[in-house]
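Chemist: Have a look at this one.
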Amino acid sequence: MFCIRSDEASAARRLFDNVWLWLSVAAAAALQGLVLYVPALQKAFGTVALDGRDWLVCAAVASTVMLARELLKWHWRTRDRRAAVSRGAADPVEA
């Protein structure tokens with residue numbers, strides 16, 4: 001969710017400005033935690049508890065999407081700046 005807030009700016013830019021986004025992430029994590037660790041919900045949803053290694057694998061796989069998106073944004077910004085400089089723009093960021 002964080003990397004799609006802008007097609008140009010980094011996900012780290014103004015990261016904490018959207019309180020509702022953080023609340024939704026916290027709520028989703030809490031609900032997922034309940035489904036994974038509360039026995040009655042485990043039975044209802046057919047889940048099992050994850051250990052630390054499982055969480056690391058999940059985080060690593062999930063972060064590849066954000067990493068790929070951020071690398072693409074960096075590439076596009078660099079390309080746009082180089083194109084602006086080659087055109088002779090006074091301020092490449094504004095071009």
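Read-outs: derived from the displayed coordinates by stated rules, not from any lab. It should be emphasised that the depicted structure is a prediction, and the values quoted were computed from it without experimental measurement. No Cβ is skipped: glycine too gets one built from the backbone with ideal geometry, and neighbour counts run over all protein chains shown.
Chemist: With label points built 7 Å along Cα→Cβ from the Cα atoms of residue 68 and residue 32, find their separation and express it in nm.
Modeler: About 1.8 nm separates the two model spin labels.
Chemist: To continue, here is another question. Determine the calculated [θ] at 222 nm for the chain from helices alone, applying -39500 (n - 2.57) to every DSSP H run no shorter than 4 residues and normalising by the residue count; nearest 500 deg cm²/dmol.
Modeler: Working: 3 runs with 62 residues, N = 95.
That comes out to -22500 deg cm²/dmol.
Chemist: Pairing the Cα long axis of helix 19-37 with the longest principal axis of the chain, what angle in degrees results, from 0 to 90 and rounded to the nearest 10?
Modeler: 30 degrees
Chemist: Additional query: Whole-Hz Karplus ³J(HN,Hα) for the stretch 83-88, in order, using 6.51 cos²θ - 1.76 cosθ + 1.60 and θ = phi - 60°, x for Gly and Pro?
Modeler: Result, rounded to whole Hz: 5, 5, 5, 5, 7, x.
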